[in-house]
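The block underneath contains the structure these notes are about, expressed in structure tokens.
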Amino acid sequence: MSAAHTNIDTPFGELTLVAENGNLSGVYFPGHWTRPDPMTFGVRSEHGFEDAEQQLAEYFAGDRTTFTVPTCVVGDAFQRRVWELIDRVPYGRTTTYAEIARELGNPTLARRVGGAVAHNPLSIVVPCHRVVGTDGKLTGYAGGLDRKRFLLDLEGALTPTLF
């Protein structure tokens, strides 16, 4: 595998974008809770991230509601299933950890769902910020609750609207 990374500026600070063989594989905030060892990010490159950078800029400008940049993620089968469900939550809407657990067929999996959400390597692109507590409260976010609030406010989704 050929890994590369770059850093981009956003309205709430710098993001690190990581790609494997030309596919976006990571979007990380400074202080990201589950950020992998930067030694795994490969060489720093200013090229190959143009699509991701453009789509993120459009998102932050309010002109994009979904991402089409090619991605690849590494995770176990459970994590990948949770990330697939998160990716289906529409822009401007939220869901809960418990609802995702129900979608998986087992309402007792909410904590395990939370663990998978926390390890989502494609923050923003796979919108884990759209997952909130059952009571609608903003709970854990690998990029910090201020960033989660910023993203939900950007999308007009601060009032829970389950999908």
Handout entry: Gyration tensor over alpha-carbon atoms, the range 110-154, equivalent ellipsoid semi-axes in Å
Key = 15, 13, 8
Fill in the blank from the handout: For the range 22-126 the GluC sites (Glu not before Pro) that pass both the DSSP coil test and the at-most-12 other-Cβ-within-10 Å test are GLU46
Problem - Length-normalised contact order for the chain - Cα pairs under 8 Å, 6+ apart - percent - result: 23 percent
Completion exercise
Carbon plus sulfur, as percent of the 1.4 Å-probe accessible area of the chain, comes to 51 percent
Fill in the blank from the handout: With a ≥ b ≥ c from the Cα gyration tensor eigenvalues, square-rooted, and the rule rounded for a/c under 1.5, otherwise prolate when a/b > b/c and oblate otherwise, the range 1-85 is rounded
Practice task
Using only the alpha-carbon atoms of the range 38-120, report the extent along each of the three principal axes, biggest first, to the nearest angstrom.
Solution key: 44, 33, 16
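With a ≥ b ≥ c the root eigenvalues of the C-alpha gyration tensor of the range 47-87, is it rounded (a/c under 1.5), prolate (a/b larger than b/c) or oblate?
Working: a/c = 4.06, a/b = 1.71, b/c = 2.37.
Oblate.
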Fill in the blank from the handout: Expressed in angstrom, Rg and Dmax over the Cα atoms of the range 4-48 are 10.1, 28
Handout entry: Fraction of beta bridges assigned by DSSP in the chain that are antiparallel (%, nearest 5)
Key = 65 percent
Exercise for the section: Starting from the Cα coordinates of the chain, work out the convex hull volume and express it per residue in Å³. Expected result: 101 Å³
Practice task
Counting only C-alpha contacts under 8 Å and six or more residues apart, can you give the relative contact order of the range 86-138 as a whole percent?
Solution key: 47 percent
Fill in the blank from the handout: For the range 82-163 (alpha-carbon point model, no solvent) the Debye-based log₁₀ I(q)/I(0) at q = 0.11, 0.16, 0.20, 0.25 Å⁻¹ works out to -0.22, -0.49, -0.79, -1.30
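The values are calculated or read from the model by the stated rules, or taken from the named source; none is laboratory data. Nothing here was measured: the structure is a model prediction, and the numbers come from that model. Neighbour counts run over all protein chains shown; Cβ positions are idealised from the backbone, glycine included. Surface areas here come from the heavy atoms of the whole protein model, side chains and all, with no ligands, DNA or RNA. Shrake-Rupley method; radii C 1.70, N 1.55, O 1.52, S 1.80 Å.
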